[in-house]
């Protein structure tokens, strides 16, 4: 058996685990990242694409933002479209000059993986049989098989950044965690199309046929979504049917939807999920291991980065100053922001989607709220502040 030693063992090489590793390295803290998939898988997995203002600045500060600034699309607003009309929410005028950047999560992963490997920092792909032990002691261990060899990684702390279906959260004893869960009665059919975006900014559309979102990944790649049943069969959605539905839901005077070859299509169920606390002993959860948000508010990756920023600061205080109070406060600090993001994501989802049991009254109420948000400076400011990213505690 191979035996390794590090200060922080990180399970999962998504944005949370990778960026945590870079922040710890800057603080002089050793970390080893273990990931069950291969490099190609994590670099090609299409996920979120909107990066909050502060998160883009964080990547700049870490020396990871060069390609993001070169290839990412700076967005200064979004459009809410309903009743056949578009209404723009201008971020800079409502938030003191803040914006967001459209840049795929998998592109962030590529950038951080390249930087970590170039620096010679440990990143182990294709590990299997991973388990964590001793999390209630001062010497937790991550056990796994890598390149056919059983390995024991001794740590001071373990960061569980391995996603909703990972092994870290289930390693916490029964009765410790409280889970809060909401399953939404619809999903998103998403496509990636080889076509220039039809709009310079994202369009969130309410229609009598259901929600639609016009987004993008680059000047030549469009990302589009339509609300659908969560258990729908993607095979029933031909390219022609998808484009027809998008034309109907996004229709507005003067708007032209650009079509192109569909490169990818999938259906994603939608849920809200939070566990409390996010720490047990020497195991600290971050990102999707601790919380899931519906994608309407564009918060998933940003919440993960906020978690690991708080965690890196707490670990730095522990190793540099011998202080444990920031680690003790880690869960509460993160959860304050997580629940605000959950509220915003739920609100955006409820505002724009059709629910099967809604009455005509509910439909009219939605339209009235959309009208209020787009005609009130105070309401538009609340949306803009949440969208560009709330402050980090």
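Observations
- Screening 131, 169 for residues that are more than 24 Å from the chain's Cα centre (by Cα) and outside the structural domain of residue 237 (by TED's automatic domain parsing) leaves exactly one candidate, 131.
- Within the range 265-305, being at positive phi and either buried (at least 19 other Cβ atoms within 10 Å of the Cβ) or part of a strand (DSSP E or B) (or both) holds for 287, 298.
- Whichever residue in the range 334-357 is surrounded by 13 or more Cβ atoms within 10 Å (Cβ to Cβ) and part of a loop (DSSP other than H, G, I, E, B) and, among such residues, is nearest to the chain's Cα centre (by Cα): 353
- Residue within the range 66-77 that is out of contact with any strand residue (DSSP E or B) (no Cβ under 9 Å at 6 or more places or on another chain), under 29 Å from residue 289 (Cα atoms) and in the same structural domain as residue 140 (by TED's automatic domain parsing) present: yes
- Subset of the range 368-393 (residues that are surrounded by fewer than 13 Cβ atoms within 10 Å (Cβ to Cβ) and either at pLDDT 95 or above or more than 18 Å from the chain's Cα centre (by Cα) (or both)): 368, 372, 375, 376, 377, 378, 393
- In the range 248-264, residue surrounded by the fewest Cβ atoms within 10 Å (Cβ to Cβ) [restricted to those that are in contact with a strand residue (DSSP E or B) (Cβ under 8 Å, 6 or more places away or on another chain) and within 21 Å of residue 209 (Cα to Cα)]: 253
Rundown of residues vs (1) over 27 Å from residue 1 (Cα atoms); (2) in contact (Cβ under 8 Å) with a residue 24 or more places away in the chain; (3) surrounded by fewer than 14 Cβ atoms within 10 Å (Cβ to Cβ); (4) in contact with a strand residue (DSSP E or B) (Cβ under 7 Å, 6 or more places away or on another chain), yes/no style:
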residue: 85; (1), (2), (3), (4): yes, yes, yes, no
residue: 95; (1), (2), (3), (4): yes, yes, no, no
residue: 104; (1), (2), (3), (4): yes, yes, no, yes
residue: 107; (1), (2), (3), (4): yes, yes, no, no
residue: 116; (1), (2), (3), (4): no, yes, no, yes
residue: 121; (1), (2), (3), (4): no, yes, no, no
residue: 125; (1), (2), (3), (4): no, yes, no, no
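- Tally of residues being part of a loop (DSSP other than H, G, I, E, B) and under 14 Å from residue 255 (Cβ atoms) across the range 197-223: 7
To keep it simple, each residue is scored yes or no on (1) without any contact (Cβ under 8 Å) to a residue 60 or more places away in the chain; (2) in the same structural domain as residue 208 (by TED's automatic domain parsing).
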site	(1), (2)
292	no, no
295	no, no
300	no, no
310	no, no
314	yes, no
322	yes, no
325	yes, no
339	no, no
358	yes, yes
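The values are calculated or read from the model by the stated rules, or taken from the named source; none is laboratory data. From a predicted model like this one, the values you see are computed outputs, not experimental measurements. Please note: Cβ atoms are built from the backbone with ideal geometry, for glycine as well, and neighbour counts cover all protein chains shown.
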